[in-house]
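These notes concern the structure reproduced below.
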Amino acid sequence: MKRYFEAFSSEQIRVYLYDDLRDKPIELLQEIFDFLKVDNKFTPDLSTKYNISQLKRVPRNTRLHNFLTKDNYIKSVLKIFFPIKLRQTITGYLNKKNITQAKEPFKPSFSAQLRTQLIEEYKEDIFNLQALINHDLSRWLE
């Protein structure tokens, strides 16, 4: 981001954080509208949540999911024997059967040691970004 701030004036750049969008979407959008010099009185309908089903779906069998979705030797050999339409049909069917609804949203967890290591490794970058965008990022260091 430093390169952008070197190439453009700070009046031409805005950086918004996901947390702000999640916590106060209307205020953030109005700020963006102000920045773009468009009507900030407009309030979009934010009631519709898009692609939420994708967040709640998980594979029953991770190995099968990886086999179906990633390139591998077996699939490349099978391509010779099966036409593309048949491969897509089989893959789609198996993928559909292998996907299930998650019982709860997936949240990755880190060990305390890994979290400490990552914070230490990125601490300087976080402080530099914080100064660059003039936004408190101390939460990122927790």
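Hey, any hits in region 68-79 for a residue that's touching a Phe, Trp or Tyr at 6+ places or on another chain (Cβ under 8 Å) and not polar (S, T, N, Q)? Yes, some residue in region 68-79 is touching a Phe, Trp or Tyr at 6+ places or on another chain (Cβ under 8 Å) and not polar (S, T, N, Q).
Looking only at region 26-76, residues that are farther than 30 Å from TYR93 by Cβ, outside any loop (DSSP other than H, G, I, E, B) and of a type outside the set (A, V, I, L, M) come to 6 in all. For region 91-104, indicate whether the set of residues that are over 29 Å from LEU137 (Cα atoms), modelled with pLDDT under 90 and in a loop (DSSP other than H, G, I, E, B) is non-empty. Looking through region 91-104, at least one residue is over 29 Å from LEU137 (Cα atoms), modelled with pLDDT under 90 and in a loop (DSSP other than H, G, I, E, B). The conditions of being among the aromatic types (Phe, Trp, Tyr) and either closer than 30 Å to GLN130 by Cα or in contact with a Gly (Cβ under 6 Å, 6 or more places away or on another chain) (or both) are met by PHE33.
The values are calculated or read from the model by the stated rules, or taken from the named source; none is laboratory data. None of these values were measured; they are calculated from a predicted model. Don't worry about glycine lacking a Cβ; one is built from the backbone with ideal geometry, like all the others, and counts go over all protein chains shown.
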